[in-house]
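Structure first, then comments.
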Amino acid sequence: MIPNPSSRTDRVLRPIAQLHGQTRLVTAALLIPVFAAVFWFSIPRGTWPRVFVALLVVTAVYATASFLLSRVSIRIAHDCVSERGFFTTNRVASKRIESVLIITAYRGQSLETVPQLFLLDTTGEALLRMRGQFWSTDSIEAMASAFDVPVRRIEEPLTRTELRRDYSSILYWFERWPWLGGAVAAGTIAALSLVLILLMSPETLVVR
């Protein structure tokens with residue numbers, strides 16, 4: 001445990017700038033080949049209008065998600081931390097923050113490591129979390145030094161299994177039960193595949 005120096009200057013933290021570019025690249029890599037193939041097969045069948053409508057819907061969803069991502073931020077004030085997430089907001093009074101935990105964890109299946117910060121209360125419950133996949137090291141360190149509370153650092157990198165074993169209570173549900181997260185992802189992919197098949201099928205209703 002080490003004490004923090006006093007710091008009470010309001011500051012706004014934002015996700016790493018590369019996150020927006022990475023999101024666009026991944027989305028394009030996933031959707032462009034799929035819709036190109038679906039259009040290729042649907043045009044001879046006369047079902048391309050439905051595919052076009054689906055493309056418009058997906059584009060609208062992506063535009064909404066991009067807007068929500070641009071609003072994500074964490075504001076550090078003298079009396080609280082206010083987090084604006086993708087769908088939710090979270091305000092933590094500074095008097096509730098008992099300690100800071102910073103863990104070094106492996107990123108996915110690679111040997112690359114990223115820090116993960118947790119603001120904890122007196123019971124060890126996580127009040128706020130910052131993952132190195134989305135927040136820069138400077139932002140994480142700014143949060144770590146923002147309040148006069150002890151900071152505990154786990155320097156030895158931990159695997160996902162070790163994280164679940166030692167810190168399960170402060171992880172997200174899909175990290176505690178990876179099989180459930182995998183099942184949800186598989187179900188989503190299956191549902192999208194079914195929708196694409198129906199869009200190409202000439203037996204279903206054609207938009208005129």
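Per-structure values
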{"quantity": "Cα convex hull volume per residue for the chain (Å³)", "calculated": "141"}
{"quantity": "Charge-dipole axis of the chain as Lys and Arg at +1 and Asp and Glu at -1 on Cβ define it, positive-most pick from SER169, PHE134, HIS20", "calculated": "HIS20"}
{"quantity": "The chain: angle of helix 18-45 to the longest principal axis, Cα-based, in degrees nearest 10", "calculated": "10"}
{"quantity": "Of every Cα-Cα pair in region 64-159, the percent that sits beyond 21 Å", "calculated": "35"}
{"quantity": "Accessible area in square angstrom per residue, the chain, 1.4 angstrom probe", "calculated": "62"}
{"quantity": "The chain - percent of accessible surface contributed by carbon and sulfur, probe 1.4 Å", "calculated": "63"}
{"quantity": "Pairwise label distance in nanometres, GLN18 with ALA126, each label 7 Å out on the Cα-Cβ vector", "calculated": "2.3"}
{"quantity": "FRET efficiency for THR113 and VAL26, using Cβ-Cβ distance with R0 set to 25 Å, rounded to 0.05", "calculated": "0.70"}
{"quantity": "Inter-label distance for PHE134 and ASN90, nm, one decimal - labels placed 7 Å from Cα along Cα-to-Cβ", "calculated": "0.9"}
{"quantity": "Sites PHE39 and TYR106 - FRET efficiency at Förster radius 41 Å, r taken between beta-carbons, to 0.05", "calculated": "0.55"}
{"quantity": "15 Å cut-off, amide nitrogen to a point 7 angstrom out along GLU98 Cα→Cβ, residues in region 110-143", "calculated": "118-128"}
{"quantity": "Cα-derived Rg over Rh, computed across region 48-119 with Rh taken as Kirkwood radius", "calculated": "1.19"}
{"quantity": "Antiparallel %, DSSP beta bridges [both residues in region 8-156], to 5", "calculated": "85"}
{"quantity": "Protection proxy ranking, peptides 95-102, 150-157, average beta carbon neighbours within 10 Å, highest first", "calculated": "95-102, 150-157"}
{"quantity": "Approximate spin-label separation LEU55-LEU69, in nm, with each point projected 7 Å along Cα-to-Cβ", "calculated": "2.1"}
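The values are calculated or read from the model by the stated rules, or taken from the named source; none is laboratory data. Since the structure is predicted, the reported quantities are computational estimates derived from the model, not experimental observations. We place every Cβ from the backbone using ideal geometry, glycine too, and count neighbours over all the protein chains shown. In case anyone asks, the SASA skips ligands and DNA or RNA and just uses the protein heavy atoms, side chains included. Shrake-Rupley method; radii C 1.70, N 1.55, O 1.52, S 1.80 Å.
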